[in-house]
Number of protein chains: 2
Amino acid sequence: MKYAVLGTGMVGNTIGKRLVSLGHEVKMGSRSADNPKAAAFVAEAGKGASQGTFADAAAHADVIFNCTAGGGSLAALEAAGADNLAGKILIDVSNPLDFSRGFPPSLSVCNTDSLGEQLQRAFPALRVVKALNTVNCLLMVEPARVPGDHVTFVAGNDAAAKAQVQELLREFGWRSILDLGDITMARGLEAYLLLWIRLYGALGTADFNVSLTRAAAAAH
Amino acid sequence: MKYAVLGTGMVGNTIGKRLVSLGHEVKMGSRSADNPKAAAFVAEAGKGASQGTFADAAAHADVIFNCTAGGGSLAALEAAGADNLAGKILIDVSNPLDFSRGFPPSLSVCNTDSLGEQLQRAFPALRVVKALNTVNCLLMVEPARVPGDHVTFVAGNDAAAKAQVQELLREFGWRSILDLGDITMARGLEAYLLLWIRLYGALGTADFNVSLTRAAAAAH
């Protein structure tokens, strides 16, 4: 499978390397074709890795990971170009974190809208699946770092796209994947970051996740 | 211990009965001294239960539960009266749910503020502790309904108040209680409702909660 990873930060780097290690082709996209962080990724990841502009990466790929900072995601997709995005799956792992007031961040969109919905509205032919945004990037691609049956989520309007994303999540090692529904469910997944940030502070590690437990009677 | 329960809905009724069953005195407060739902609570809960206005209930109590709907919480506390609230602990289990757009609800305040903070700002001499708002009311008072080491949270500015609330949570049966910090942490706890509502839909039951798991190395 051919993947694009938009964004050269730690999230894109981590996801890109994991995809290459699983035997996938990965083109890392950024604003320029010769981005030095993307070049470092290509050198480290080895065979299967390449770099280019956002448009190069999107044109190359069957499936696109949005690993840009939430505040830059719309601009990155605009640079990628609607024609290069049409019909493709976008796995949106980003969060609309707003650090303008310092730490902890707030969200630049939430409650009655979400970044996932904004991306879907801006590119109707893109098949947006919100996923993995509720854990740190190391856990995204290696859930076994944390023991037990902890959970990850998918949300999006396209059932076939969600099924394909779940397949990839299982490749990453996820065993407990909950489909929350359509892309409006991104509101809950992104708003959870307001709690995640505080749990991170209280637990003193980003290597954590939640498991869901329910009453035995309700499980049947 | 003398408790006030502000609100006559299912949350107030459930918490009030549990407190009475544990041997506490409980006065349920509402807008009128002769509220029929409060009268039904008193009849059902038996010895130790009484009713009155918001002001009667607050004046009677050492510890006050805010079980009003989020949209009515400030008005209920205003009716209770700042003098009757001063120095007392308010356990705020409410959520600022806004059903004006239908279901699922949005929040009437979130992200850079929270209902917990609004109550604390409006009544500076009140010792607000946000607690229990992340589970349904049956679980609030009987966490053993759901198996395993699932978690509840406290947040507030007053350490002694939080310690006393944690003591009560242990009386209810909670074993895993995480202190997230000051009352601004209510932002994360209330925003989680946007996810909770969607988990409720996906799981088909309100009888669920989350456990926290972290990497073994990080636990040391």
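The values are calculated or read from the model by the stated rules, or taken from the named source; none is laboratory data. This one's a predicted model, so the numbers in the text were calculated from it and none came from an experiment. For neighbour counting, all protein chains shown are included, and Cβ atoms are generated from backbone atoms with ideal geometry for every residue, glycine included. When the accessible area is computed, the model is the full protein with side chains, heavy atoms only, and any ligands, DNA or RNA have been set aside. Shrake-Rupley method; radii C 1.70, N 1.55, O 1.52, S 1.80 Å.
Yes/no matrix, rows are residues, columns are (1) at the interface with chain A (Cβ under 9 Å from one of its Cβ atoms); (2) surrounded by fewer than 22 Cβ atoms within 10 Å (Cβ to Cβ); (3) without any contact (Cβ under 8 Å) to a residue 12 or more places away in the chain:
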{"residue": "B:Thr152", "(1), (2), (3)": "no, no, no"}
{"residue": "B:Ala159", "(1), (2), (3)": "no, yes, yes"}
{"residue": "B:Leu203", "(1), (2), (3)": "yes, yes, yes"}
{"residue": "B:Arg214", "(1), (2), (3)": "yes, yes, yes"}
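Note down all Cβ pairs under 7 Å where the first residue falls in the range B:51-68 and is modelled with pLDDT under 95, the second is open to solvent by 20 Å² or more (accessible area, probe 1.4 Å), and they're at least six residues apart or on different chains.
Filtered contacts from the range B:51-68: B:His60/B:Lys2; B:His60/B:Lys27.
Go through the range B:164-194 and give me each residue that's over 18 Å from B:Asp113 (Cα atoms) and at the interface with chain A (Cβ under 8 Å from one of its Cβ atoms).
Within the range B:164-194, B:Leu178, B:Asp179 qualify.
Taking B:Pro96, is it within 17 Å of the chain's Cα centre (by Cα), modelled with pLDDT of 95 or more and open to solvent by less than 60 Å² (accessible area, probe 1.4 Å)?
yes
What tally of residues in the range A:75-88 results from selecting those that are buried (at least 24 other Cβ atoms within 10 Å of the Cβ) and either touching a residue at least 60 places away in the same chain (Cβ under 8 Å) or within 28 Å of B:Ile197 (Cβ to Cβ) (or both)?
Adding up the residues that qualify gives 2.
Looking at (1) farther than 26 Å from B:Gly81 by Cα; (2) open to solvent by 10 Å² or more (accessible area, probe 1.4 Å); (3) within 10 Å of another protein chain (Cβ to nearest Cβ), can you tell me which one B:Asp113 breaks?
(1)
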